[in-house]
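Reading through the structure tokens given below for one structure.
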Amino acid sequence: PALLKLGEERAYDYNNKSPYVDSCAQCPDLTGIPDDCACAPSVHRWKNYVKDKYGNDDEVTLMQAYADEIVAEYSERYRSRIAGFWFDQGTFANGPALRNAINKFNPNATIAFNRGFKNPLRNNNPGVEDFTFGHITPLKNGQRHPDGCYNYGMVLSAESTRNGFVFEDVYPLINDYGLISEPAMRPTEFTYTGTHPSIAHLFVPLNTAWNRGVMSWNLTQAQEWQTRVLLAGGAWTWNVARCGCAGCSCDAPMEQSEINKEDWAFLQEVFRGLPGGANPVTKPYFFNDTNCDCCSMAMKDTDAYKWGCAKTYCFPTSQPSQTPIGTPTGVPSQPPFLATTRPTSIPSMDLSLSPISPSLSPSTTPSGTPSSFPSRLPGGETHKAAWMSGKHGIAYRIYGGVNYDTAYYNATVLAEQIRNTPISYIIISLSSGAYGDRYLAPHSVLTELNRGSTPIAIGDKELPFGDFEIEIYPNRDLFDEILTAMDGIGVKVLASLSGQGPAMLKHGETKAYDYNNRSPYVDSCILCPDLTGKSNNCACAPSVWRWRNHVKDTYGSDDDATLMEAYAQEIVGEYAERYGDRLAGFWFDQGSYANGTALREIVNRHNPNAVIGFNDGIKIPLQNNNPGVEDFTCGQVTPLKSAQNPADGCYNYGMVLSAEDSINGYVYESVEPSIDYARSDPRPNAFSYKPDEFPALAHIFIPINSAWNMGRNVWNLTQAQEWQSRVLQAGGAWTWNVARCGCTTCVCQENPTEVDTLNWEFLMKVYDGLPGGVEEVALPWHFNATNCDCTSTATSEEAYQWGCTQQNT
């Protein structure tokens, strides 16, 4: 009743919305505001009741009261007459408290929570839920339809279950199968382990919207998808429209308790095709990994590739010969946790660092590998990035603003770890990684506008959380401390910055640190109404709004072009002026959301020797995507897509090949063939550059792990040493992105400054094999045009997507 997610303005009795509640008469007494109609008496009365009884009305207490008073009473009243409970908005509820309240009166009731991963199916709340909530990828007001290819992963994951049960651990674990843009990169099988079973349940609407809308499914797809889930031992729920809805086709005499006439007729046809129906569907199925969907009925008159269709498959005339792997032949009779054996942990992966032993060494070696590192352009002149030629470094992210990272970071600890290694430079985030809302150093405008956006110095005190005045603490220039520490050991520093800036042009304000009371130091419920002009509004990011207002007041507009200009002049300009030539360069993420020309001009004004790279344009082959602006290639690999494209994949081998085909380590705008190597089949193994006046040093920026700042090491030692050696010998530069102690998957948790233990140990072994190392790798190479990669250590299965043939794994 507290409407914790939607807020009181969505309550039935808000601002006289209900004909049965006079909020104008009741709200002044409830809110203490004279002449106030804009409240929901039902919400305020419930909160007052909870506060009187429990002594508090904060969210934790409201969740507990909801379980104890609302759910418990209904559970006691209906007891075993209720088979189970499906809780929406699970993140706004206390799962264990609800479980206890229900078990007290109805121990056999099943429970599901709409919280956590949707796709693949997974037990997101171990110990609390008994069946998956099964919600599909959000419909987004009809922009996505329930029959879309992005929901096919729910069917595949149900078929990958252990007798119909899923567990808390699933591999690969991806954020949402449906959000992977490339169908070929979507997994077709999943592996479950764990100790908390949950029935694989799908909850899918028939129509383009929940409870109403236009029929979205064709019969073939609906019958087959539901059949396959049921045969796997899972459960399937159709959400239907009820007579009386907008657009429903019920006859006038029909009561509003009946299912919409069109929905009901379609369901009867679907049921005929299910196991035990009059005409059950059988193999071969229409849907497999290459034909994962048919055209949405709601889009039948258009080319709807977004639903995963090829036009020829919209309404198939013949069945494909290939069937999905692992489709059960019958419904299981007992869950796996009653079986005699069951794995209790994630399957172990081979993470050894032993070299590859292909059956045959390649007979040819890459051409164009120079015997020494070049430092000059073809014409003999020195390039601004020449100091990077043949060099390598590391990079990692530090969260900016007021937080644990910036409070306790000790730059000298990192300097001591790096000292006496061959690391020449480090790329450190001056902004908060890919987010432009926070920084590692004070700023004359941002610190004044949003105190939580830049660090504070707390000395030996414990970082306080909650409601306190962060304004009383002095500023901390953590980035200056890093520059000083690195200068002491002779390591250059490049600043990594989010090109979208404080306006969050790419991610939007919902991803800002202070959106909707996300930050313990910013009360958006107090600030947002004045900033947005909407009363009772918590759902804004004050930091974004204040920056936009500042830009509009200063520049006369807050359109994207003006925000980009202001970011260059005010944010980057101030930092570039402050640090001057102590900074070796800048690496700008999200280059398409920044004004490259303005950034180049402002950096040159304060630091003419600084090198610049932009993450904008074609990644493979390496090329100068921003002539006249960038000095070295951004070098980022093919997008990792939630660990589905590990960095050691064959699709990234073109970066090595193009570096070797560079002209003394430099690449240009014009390159043949100019394609995206990662999406080409067959892939080219040679590139030709046409020199012009804008060379860029060939630089590769690549993570060690399955994710950029955490995860498991995906590389084997032979591949890492060889790829890096070949780029360095070609005159390029190589940056390893590493995990920092304290990350979710890190071995070391106590020090948020050092490189993670496993990453560091691996780096030291890689360095041994580089030019000048104690075990320098040499010809013949393992990798050539026909053996472009070895199996990623992230998977123990045959993985053609990594470019492997079995004999070369």
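The values are calculated or read from the model by the stated rules, or taken from the named source; none is laboratory data. Keep in mind it's a predicted model, so treat the numbers as computed, not measured. Don't worry about glycine lacking a Cβ; one is built from the backbone with ideal geometry, like all the others, and counts go over all protein chains shown. Heads up: the accessible areas ignore ligands, DNA and RNA and are worked out on the full protein's heavy atoms, side chains in. Shrake-Rupley method; radii C 1.70, N 1.55, O 1.52, S 1.80 Å.
Data for the structure
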item	result
Selection from the range 571-608 of residues that are crowded, with 18+ Cβ neighbours inside 10 Å, under 30 Å from the mean Cα position of the chain (by Cα), over 18 Å from A385 (Cβ atoms) and touching a residue at least 60 places away in the same chain (Cβ under 8 Å)	I571, V572, Y575, D589, Q590, Y593, A594
Residue match in the range 557-570 (condition: under 30 Å from E8 (Cα atoms) and either touching a strand residue (DSSP E or B) at 6+ places or on another chain (Cβ under 9 Å) or crowded, with 16+ Cβ neighbours inside 10 Å (or both))	no
Restricting the range 126-178 to residues that are open to solvent by 20 Å² or more (accessible area, probe 1.4 Å) and among the small types (G, A, S), the residue that is modelled with the highest pLDDT	S160
Any chance N123 is in contact (Cβ under 8 Å) with a residue 40 or more places away in the chain, among the polar types (S, T, N, Q), in contact with a helix residue (DSSP H, G or I) (Cβ under 6 Å, 6 or more places away or on another chain) and closer than 17 Å to H201 by Cβ	no
Any hit, the range 190-199, residues being within 25 Å of the chain's Cα centre (by Cα), among the aliphatic types (A, V, I, L, M) and either modelled with pLDDT of 95 or more or not in a strand (DSSP E or B) (or both)	no
Options P442, P422, P378; residue that is at negative phi, at pLDDT below 90 and surrounded by fewer than 24 Cβ atoms within 10 Å (Cβ to Cβ)	P378
Residue match in the range 519-532 (condition: under 30 Å from A415 (Cα atoms) and either in contact with an Asp or Glu (Cβ under 8 Å, 6 or more places away or on another chain) or outside any helix (DSSP H, G or I) (or both))	no
Candidates A97, A83, A112 - the one that is of a type outside the set (V, I, T), out of contact with any Pro (no Cβ under 7 Å at 6 or more places or on another chain) and at pLDDT 95 or above	A83
Qualifying residue in the range 17-34 (condition: touching a Ser or Thr at 6+ places or on another chain (Cβ under 7 Å) and open to solvent by less than 60 Å² (accessible area, probe 1.4 Å))	no
Candidate set from the range 493-518 (those that are in a loop (DSSP other than H, G, I, E, B) and open to solvent by 10 Å² or more (accessible area, probe 1.4 Å)); member that is farthest from W708 (Cα to Cα)	R518
Hey, Y521 crowded, with 18+ Cβ neighbours inside 10 Å, over 17 Å from S496 (Cβ atoms) and aromatic (F, W, Y) or not	yes
Filter result (assigned to a loop (DSSP other than H, G, I, E, B), modelled with pLDDT of 85 or more and open to solvent by 100 Å² or more (accessible area, probe 1.4 Å)) within the range 251-304	N279
Selection status of L3, assigned to a helix (DSSP H, G or I), surrounded by 13 or more Cβ atoms within 10 Å (Cβ to Cβ) and among the hydrophobic types (A, V, I, L, M, F, W, C)	no
Extreme residue, nearest to T188 (Cα to Cα), among residues of the range 126-143 that are without any contact (Cβ under 8 Å) to a residue 24 or more places away in the chain and within 20 Å of the chain's Cα centre (by Cα)	P138
Selection from the range 58-116 of residues that are in a loop (DSSP other than H, G, I, E, B) and in contact with a Ser or Thr (Cβ under 7 Å, 6 or more places away or on another chain)	A83, N106, N108, R115
From the options G613, G617, G635, residue that is closer than 14 Å to Q590 by Cβ and either among the β-branched types (V, I, T) or at pLDDT 90 or above (or both)	G613
Tally, over the range 69-125, of residues that are polar (S, T, N, Q), exposed (fewer than 15 other Cβ atoms within 10 Å of the Cβ) and under 26 Å from the mean Cα position of the chain (by Cα)	2
Residues of the range 35-48 that turn out to be aliphatic (A, V, I, L, M) and open to solvent by 30 Å² or more (accessible area, probe 1.4 Å), as a count	1
